[in-house]
Amino acid sequence: MTDLSNPLRIERYVPVDHAKVDFAGGFWESWSKTVREVTVPSQHRRLDEERFLEVLNFDQPPGPLARPIQPSGLSMQHFFDSDFGKWIEAASYTLKAHPNPALQAKIDDIVEKLAHGQMADGYLNSWFIRREPDKRWTNLRDLHEMYSMGHLLEGAVAYFEATGKRAFLDVMIKAVDHIDATFGREPGKLRGYDAHEEIELALIKLYRVTKNPKHLKLAQYFVDERGQMPSYYDEEARRRGDDPANYHYQTYAYSQAHMPVREQTQVVGHAVRAMYLFSAMADLAYETSDLTLLAACDRLFDNLTGRQLYITGGLGPSGANEGFTREYDLPNETAYAETCAAVALAFWGHRMAQIELDSRFTDHVELAIFNGALSGIARDGEHYFYENVLESHGQHRRWKWHYCPCCPTNIARLIASLGSYFYTTKPDELVVHLYGANTAEAEIGGRIVQISQETSYPWDGDIALTLVPAAPMPFTLRLRMPGWCNKASVTVNGEGIDTAAAEKGYLAIARQWAAGDVVRISFDMPVERIYAHPLASEDAGRVALKRGPVVYCAEEADLGFVPQLLALPADAEIAAEFDPDLLGGAVRLSALATKTSDADWDGQLYRREQPKTQAARLNAIPYHLWANRQAGGMLVWLREK
């Protein structure tokens, strides 16, 4: 936990620009290329085919809804702006290292329409401008106005940083000026805040570009005001003639607005909203040295990862509130575990590691990106999961698009910017957070250092890290020692380094570095059996398999029968072997197991005799690769006997 008396806990590491990290020849190369060449273009086609881009025709009368009004009184069309905001962000990340005039033209077309439709006072939301201009800012509790503007703002910042074009950024600064003039604690302003967090972290991204303190101050207001009582949402509902007691979700914990953020001790409510809020809180702690926010983030991170997180890095078990229920409630077949939530967990953990260098944060970033987030996109780059279950009887199939397609653009923007998660720097330090084949360029103390990783990670734990500073220079290299690894070795130019000296999961090597220095890292990567806490009752008597950062599952496509019939003996030896033909290449696990026979029950549902068993073979694949082949069952938590 954070020591509030120690201001040095605000580390302020700076991530290396994602465009300075090139994935070549390793795990992330094909994923990055697929997102750039398949995912981003296909998502623009989907946005057009599904009539999302129609909302930008501000001069035309609004046509029929592309997404009808639901019983709650809402339509997904209220939030369309957020989807092409995230698409622009993902596309912009690809543009920074791979210029594409045709893609830029598509973005410029959207920007031109947004600029044309923006109201004179700066307000920008396609739904309200075209359909209900008299109702703007009357329902922050439900209608996501600032959430949508926040995603547009993140897209504008990313596009400016990729291309230098200011048009979109200027549109969104004008929109932010309008928000700033409307909300706050000053006389005449509304003391409101959007129930779906997002504008907060977007404003901090804007501040880092503009250095305008009012952008940071506005983000701080939205974080500080959340959960203050009496609730703004009650007052707002009464003003529009509604009874606050009729709120669909009954509790403002749904929006993390049930108490001030610094007082919260348990992660509750809508999972994505929570992760976006905590990401903004971490950003604010970074920018303002607010140790009270950092302490709250520490406390909430421990609650999430110690009591409410799926083994895959998925989070939020319930579809009813797209979020949390109670501690240790982790059902498998009905898991919601929204892709967006795992992506946002990576956002939060990454931010925490910049202000408190501790591998417990980056371990969970790695867990999410290799498992609960990556499972949200198919190997072909254009089919998706919204929910990421840990058990299926074959009813779960990936879809081309979704009624609420927030997840495709979220996983795209994560993968497209993933390079920035690998390395961070200080004037005298280089930190390696993640491992995977790449070449990178970092600036340390004003001087450039070239970095390369040669490795097959995550399929094995051997990494050759080569450093090439322009001239010999002293700095500290910090290497993350993953929490999943019980045995590791590190050498520098063949000389052994004591890995027991690692602090909070990072091994520091301070020396004069010269061109061609090679750090060799070897992480022991056996197959491990993982067991759940006894209160996670759905997993009682079950075991999950994990190798390095990768969680495994058994799929009917490999077994030839439903995996629910499989049992893994407690003493079974589990082999790991790389299969180059498995969906681009991956390590499979195999072991002798047993299958419970369902062939001799003669139509009975119950009987006195125990079921018969027979020998079978477990064949398990990485969880993120499931549902890429024929339909069938899947299981993460296997019965153990």
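Tabulated results
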item: Residue check for PHE561: within 29 Å of ILE463 (Cα to Cα) and either touching a strand residue (DSSP E or B) at 6+ places or on another chain (Cβ under 9 Å) or in a strand (DSSP E or B) (or both); result: no
item: Enumerated helices (runs of 4 or more DSSP H) restricted to region 166-250, each holding at least 2 residues that are under 22 Å from TYR123 (Cβ atoms) and among the β-branched types (Val, Ile, Thr); result: 167-182, 199-210
item: Residue satisfying condition, being closer than 21 Å to ASN303 by Cβ and among the hydroxyl-bearing types (Ser, Thr, Tyr), within set TYR233, TYR249; result: TYR249
item: Set ARG326, ARG307: member being surrounded by fewer than 24 Cβ atoms within 10 Å (Cβ to Cβ), modelled with pLDDT of 95 or more and within 25 Å of VAL550 (Cβ to Cβ); result: ARG307
item: Subset of region 34-83 that is over 22 Å from HIS248 (Cβ atoms) and hydroxyl-bearing (Ser, Thr, Tyr) - its residue that is surrounded by the fewest Cβ atoms within 10 Å (Cβ to Cβ); result: SER42
item: Residue in region 223-243 that is within 22 Å of the chain's Cα centre (by Cα) and either charged (D, E, K, R) or assigned by TED's automatic domain parsing to the domain that holds LYS96 (or both) present; result: yes
item: Lone qualifier among GLN256, GLN228 - being modelled with pLDDT of 95 or more, out of contact with any Asp or Glu (no Cβ under 6 Å at 6 or more places or on another chain), on the phi > 0 side of the Ramachandran plot and not small (Gly, Ala, Ser); result: GLN256
item: VAL519 crowded, with 20+ Cβ neighbours inside 10 Å, farther than 30 Å from LEU582 by Cβ and within 29 Å of the chain's Cα centre (by Cα); result: no
item: Any hit, region 300-318, residues being in contact (Cβ under 8 Å) with a residue 40 or more places away in the chain, closer than 28 Å to LEU638 by Cα and of a type in the set (Asp, Glu); result: yes
item: First in region 209-220 and assigned by TED's automatic domain parsing to the domain that holds MET172 and of a type in the set (Gly, Ala, Ser), second anywhere and surrounded by 14 or more Cβ atoms within 10 Å (Cβ to Cβ) and in a helix (DSSP H, G or I), Cβ under 6 Å, 6 or more apart; result: ALA219/GLU200; ALA219/LEU203; ALA219/ILE204
item: Strands (runs of 3 or more DSSP E) enclosed by region 576-641 - at least 2 residues per element that are within 30 Å of ASP524 (Cβ to Cβ), within 28 Å of the chain's Cα centre (by Cα) and modelled with pLDDT of 95 or more; result: 586-596, 613-622, 633-635
item: Region 40-53, residues that are in contact with a Phe, Trp or Tyr (Cβ under 9 Å, 6 or more places away or on another chain), over 19 Å from ILE415 (Cβ atoms) and not in a loop (DSSP other than H, G, I, E, B); result: GLU49, LEU53
item: Of residues in region 589-629 being under 21 Å from GLY372 (Cα atoms) and either free of Cβ contacts under 8 Å to residues at least 24 places away in the same chain or polar (S, T, N, Q) (or both), the one surrounded by the most Cβ atoms within 10 Å (Cβ to Cβ); result: ASN619
item: Residue satisfying all of: in region 436-480; within 30 Å of PRO580 (Cα to Cα) and of a type in the set (Phe, Trp, Tyr); surrounded by the fewest Cβ atoms within 10 Å (Cβ to Cβ) among these; result: TRP459
item: Residue pairs meeting the criteria (Cβ under 6 Å; at least 6 apart or on separate chains; first under 17 Å from ASP283 (Cα atoms), in region 13-24; second in a helix (DSSP H, G or I)); result: TYR13/GLN354; PRO15/SER420
item: Filter result for LEU467 (assigned to a strand (DSSP E or B) and touching a residue at least 40 places away in the same chain (Cβ under 8 Å)); result: yes
item: Test: residue in region 146-160 that is β-branched (Val, Ile, Thr) and more than 20 Å from LYS214 (Cα to Cα); result: no
item: Test set (1) among the aromatic types (Phe, Trp, Tyr); (2) outside the structural domain of TYR623 (by TED's automatic domain parsing); (3) touching a residue at least 60 places away in the same chain (Cβ under 8 Å) - TYR552 fails condition number; result: (2)
item: Residue selected from region 470-483 under the condition in a strand (DSSP E or B) and under 23 Å from ASP363 (Cα atoms), by the criterion nearest to the chain's Cα centre (by Cα); result: ARG480
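The values are calculated or read from the model by the stated rules, or taken from the named source; none is laboratory data. In this text the structure is predicted, and so the values were computed from the model without any measurement. Cβ coordinates were reconstructed from backbone atoms using ideal geometry, including for glycine residues, and neighbour counts include every protein chain displayed.
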